[in-house]
Amino acid sequence: MTRLNGRTALVTGGARGIGRAICEAYAREGAQVAVADLDLTKARDTATAIGGVAVEMDVTDHDQIKTGVAQVEDELGGIDILVNNAGVFNMAPLDEITAQDYRRQYDVNVGGAIFTTQAVVPGMKARGKGGAIINFSSQAGRRGEPNITIYCSTKAAVISVTQCLALELAPHNIRVNAIAPGVVDTPMWDQVDALFAKYENREPGEKKRLVGKYVPLGHMGRPDEIADPCVFLASDDARYITAQTLNVDGGNWMN
């Protein structure tokens, strides 16, 4: 499979979970892949496994974003595909929300996508070949949920950011789309389950079991089931698609 042959992709939060699955899928499709992550050791593990390069990147640190993008452009000759996958989750009832947690979730989930895109786009424009940018929203960005005010609102913001940037960058043939996953079986969901156990008075593992049970297709998503649509959106198969958010959630949410 060579749908991404000759292209270079930068994937933030690429060391594990959905991010790693995207890196693996892109490499199988012929892309050069830069694995960007806070955890450089794990980024190197993923990069070694797929024949890519590792980049230490905190998407809340603008200088580190610029340095990381410059490294990828220098080592791999430019960036054709950007996946803004890095994200954090937390939940709390209204009376426990803190300014620090508010800033952290917005800085990573929204600011990370905006400012990494800002760093990558000049190179895409200069090369004149267009590009593909894929942001990560969530089914939580499609609907409100109790005790998840900050996270849900960040993921709704990602949908709006995607639409705005898609229209701004369309004259340069740079397509901007988003994916809204549902519940996906990754280590992050174990952390989510623990928070639900705390705030909904549940047994550990109960929430995870229930959310998988109630997905219309009958199970929690796997990382590869999110990565495959990322391949599609980055490829020429999606050349006439921009400003869209694709639900990849087993039928949990209907447009």
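The values are calculated or read from the model by the stated rules, or taken from the named source; none is laboratory data. Since we're looking at a predicted model, the values are computed, not measured. All Cβ positions, glycine included, derive from the backbone under ideal geometry; neighbour counts span all protein chains shown.
Can you go through GLY68, GLY141, GLY123 and tell me which one is surrounded by 14 or more Cβ atoms within 10 Å (Cβ to Cβ) and either within 14 Å of the chain's Cα centre (by Cα) or among the aliphatic types (A, V, I, L, M) (or both)?
Details: GLY68 fails: either within 14 Å of the chain's Cα centre (by Cα) or among the aliphatic types (A, V, I, L, M) (or both); GLY123 fails: either within 14 Å of the chain's Cα centre (by Cα) or among the aliphatic types (A, V, I, L, M) (or both).
Answer to the selection: GLY141.
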Item to check | Test for GLY30: is it at pLDDT 95 or above, in a loop (DSSP other than H, G, I, E, B) and either among the aromatic types (Phe, Trp, Tyr) or out of contact with any Asp or Glu (no Cβ under 6 Å at 6 or more places or on another chain) (or both) | outcome: yes
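Just name the residue that is farthest from GLY19 (Cα to Cα) out of those in region 206-253 that are outside any helix (DSSP H, G or I) and of a type in the set (D, E, K, R). Before the answer, list the steps.
Keep residues of region 206-253 that are outside any helix (DSSP H, G or I), which gives 214-222, 235, 239-253.
Applying the additional criterion that residues be of a type in the set (D, E, K, R) yields 222, 239, 249.
Working: ARG222: 12, ARG239: 23, ASP249: 16 Å.
Looking at residues that are outside any helix (DSSP H, G or I) and of a type in the set (D, E, K, R), I get ARG239.
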Item to check | Positions within region 88-114 being assigned to a loop (DSSP other than H, G, I, E, B), more than 13 Å from SER153 (Cβ to Cβ) and under 13 Å from the mean Cα position of the chain (by Cα), in sequence order | outcome: VAL88
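Any chance region 140-163 includes a residue that's among the polar types (S, T, N, Q) and at positive phi?
Filtering region 140-163 down to residues among the polar types (S, T, N, Q) leaves 147, 149, 153-154, 160, 162-163.
Remaining after also requiring at positive phi: 147.
Looking for residues that are among the polar types (S, T, N, Q) and at positive phi, one finds at least one in region 140-163, hence yes.
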Checklist outcome for this item: Considering region 24-65, residues that are without any contact (Cβ under 8 Å) to a residue 40 or more places away in the chain and under 12 Å from THR8 (Cα atoms), and then whichever is surrounded by the most Cβ atoms within 10 Å (Cβ to Cβ), we arrive at VAL35
Checklist entry - Of ASP249, ASP224, which residue is touching a helix residue (DSSP H, G or I) at 6+ places or on another chain (Cβ under 6 Å), surrounded by fewer than 16 Cβ atoms within 10 Å (Cβ to Cβ) and among the charged types (D, E, K, R)? => result ASP224
Next on the checklist: Pull out all pairs, ordered by first then second residue, where Cβ-Cβ is under 7 Å, the residues are six or more apart or on different chains, the first lies in region 209-221 and is without any contact (Cβ under 8 Å) to a residue 40 or more places away in the chain, and the second is assigned to a helix (DSSP H, G or I) and buried (at least 16 other Cβ atoms within 10 Å of the Cβ).
Outcome noted: HIS219/GLY212; MET220/VAL211; MET220/GLY212
Checklist entry - What pairs come up if the first residue lies in region 101-119 and is touching a residue at least 40 places away in the same chain (Cβ under 8 Å), the second is basic (Lys, Arg) and assigned to a helix (DSSP H, G or I), and their beta carbons are under 8 Å apart, counting only those six or more places apart or on different chains? => result ASN109/LYS155; ALA119/LYS66
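Of the residues that sit in region 82-110 and are more than 15 Å from GLY13 (Cβ to Cβ) and of a type in the set (Val, Ile, Thr), which one is surrounded by the fewest Cβ atoms within 10 Å (Cβ to Cβ)? Reasoning before the result, please.
Let us first name the residues in region 82-110 that are more than 15 Å from GLY13 (Cβ to Cβ), namely 90-103, 106.
Those left that are additionally of a type in the set (Val, Ile, Thr): 97-98.
Working: ILE97: 15, THR98: 11.
By that ranking, first place goes to THR98.
Results for (1) loosely packed, with under 14 Cβ neighbours inside 10 Å; (2) in contact with a Phe, Trp or Tyr (Cβ under 8 Å, 6 or more places away or on another chain); (3) in contact (Cβ under 8 Å) with a residue 24 or more places away in the chain; (4) in the same structural domain as GLY17 (by TED's automatic domain parsing), shown as yes or no for each residue.
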| residue | (1), (2), (3), (4) |
| --- | --- |
| LYS198 | yes, no, no, no |
| ASN201 | yes, no, no, no |
| PRO229 | no, no, yes, yes |
| LEU233 | no, no, yes, yes |
| ALA238 | no, yes, yes, yes |
| ILE241 | no, no, yes, yes |
